[in-house]
1. Would you confirm whether or not the stretch 400-407 contains a residue that is under 23 Å from residue 288 (Cα atoms), crowded, with 23+ Cβ neighbours inside 10 Å and in contact with a helix residue (DSSP H, G or I) (Cβ under 9 Å, 6 or more places away or on another chain)?
2. When the residues of the stretch 445-470 are narrowed to those that are farther than 25 Å from residue 387 by Cβ and surrounded by 15 or more Cβ atoms within 10 Å (Cβ to Cβ), which ends up farthest from the chain's Cα centre (by Cα)?
3. Among the residues of the stretch 485-508, how many are assigned to a helix (DSSP H, G or I) and touching a strand residue (DSSP E or B) at 6+ places or on another chain (Cβ under 7 Å)?
4. Looking only at the stretch 256-281, count every residue that is more than 20 Å from residue 178 (Cβ to Cβ) and assigned to a loop (DSSP other than H, G, I, E, B) and tell me the total.
5. Counting only residues that are over 43 Å from the mean Cα position of the chain (by Cα) and farther than 13 Å from residue 162 by Cα, which one in the stretch 113-139 is modelled with the lowest pLDDT?
6. Identify, from the list 215, 204, the residue that is over 26 Å from the mean Cα position of the chain (by Cα) and either surrounded by 15 or more Cβ atoms within 10 Å (Cβ to Cβ) or outside the structural domain of residue 255 (by the TED database) (or both).
7. Any residue that is assigned to a loop (DSSP other than H, G, I, E, B), assigned by the TED database to the domain that holds residue 506, surrounded by 18 or more Cβ atoms within 10 Å (Cβ to Cβ) and in contact with a helix residue (DSSP H, G or I) (Cβ under 9 Å, 6 or more places away or on another chain) - is there at least one of those in the stretch 246-255?
8. Within the stretch 398-420, track down each residue that is over 7 Å from residue 300 (Cα atoms) and assigned to a strand (DSSP E or B).
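The values are calculated or read from the model by the stated rules, or taken from the named source; none is laboratory data. Here the structure is a predicted model, which is why all the values come from computation and not from measurement. When we count neighbours, we look across all protein chains shown, and the Cβ atoms used for this are built from the backbone with ideal geometry, even at glycine.
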């Protein structure tokens, strides 16, 4: 039976629904009846010319069908899937031409160079001084090997050798490129980099696994950490604040893996994020006021979404007269305040003792007369210590955590406290969170590689055993352009913010209200 209550095939021979033929003027104009008694006949409304009718009511098949773009989009998407399933991509980079020749010469020169150099003396020189000392020795070794290089090849060889002895080998070239934001080494033969939010294969390789492990150990040793088979995991940082994670065999099956998250040399501000398209004018104003009015802020987002960048930008709004303590596993925050003291955790020693956790540092920080406490990332029971600090006179504290939405952020905070040894009911934990947290800022890395602030949500309080929130701003997806860039807009909910009272205490109530409405 059809949707219209009749069985198909029965009844009249009318065409099925949606299959009507196009109309035409001749088809609907009836045959003129013969005049009766030669009476004049009034003109019929159907007696119009066919051409006039067709111009007013064109046939359906001459109109542009509305769903044609949808069909083309579907075909395009299916073609992309077919192309992806049939494409084979090489997972390693083969050096070619000039680059390959320089690295081949380096392999011959380096052993002979090390025989002529005192390692301790070389370590006391900087790169420029070491290059000047190396130049005559390199020429001497090249003469022994009967190799002749032009000026360009000689400079490239000197740089590669100095990077090998004092720097981080092949990684130096990538670390010096300001357009690269992430470096991911997956064993000696494969390295990926992130440029503009997209991952591409890097044109570098390491000699072998021992060469890569040596570079990894050099990185972690700079900050007093170690990495080997007994301690195969390590978090470290570079001199410029870039975060480094190292994992070595037997945990990494393809060889030593190094992940480096680089940070911009120029401090990022909220105005710069607005210029990058991460937020609009009203959202930028609201976040500035939230930072200046000492609201407790939690920044939520996924890996690589820009949580640390947002935290650094918000820190610009802290009053220079406030004492700020930051607590992290690996110090990567670079606050833009004069009175700032960074603290860092410590891993256990070989006997498994001596570890200092984030929770230990939070408890100790309460005795150091801080105005604000900022946690780089919370992962466990230290969340309760931070909430206690927010509720005991340390307004304006901030932290980051991994979550996909503000609602999931609150759920994760409850779960992290329950992971600890604190024996209190879940309702009390929820109430503690609702009374401590003021603003949740959600950041995301979209599929086109752009990083956007997608939600600004404030925590209102408790209703029964549920934490009540309301969105001040939300990013709404609209479309994407021909280059695949996502187009959208930030929509305010035009509600009176619950945190308006805190803004009033600092004289920002009127601009805060105008930004949110």
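1. yes
2. This residue is 448.
3. 0
4. Residues flagged as more than 20 Å from residue 178 (Cβ to Cβ) and assigned to a loop (DSSP other than H, G, I, E, B) within the stretch 256-281 amount to 3.
5. Top of the filtered list is 118.
6. After applying the criteria, what remains is 215.
7. no
8. Once the filter is applied, which keeps residues that are over 7 Å from residue 300 (Cα atoms) and assigned to a strand (DSSP E or B), the stretch 398-420 yields 398, 399.
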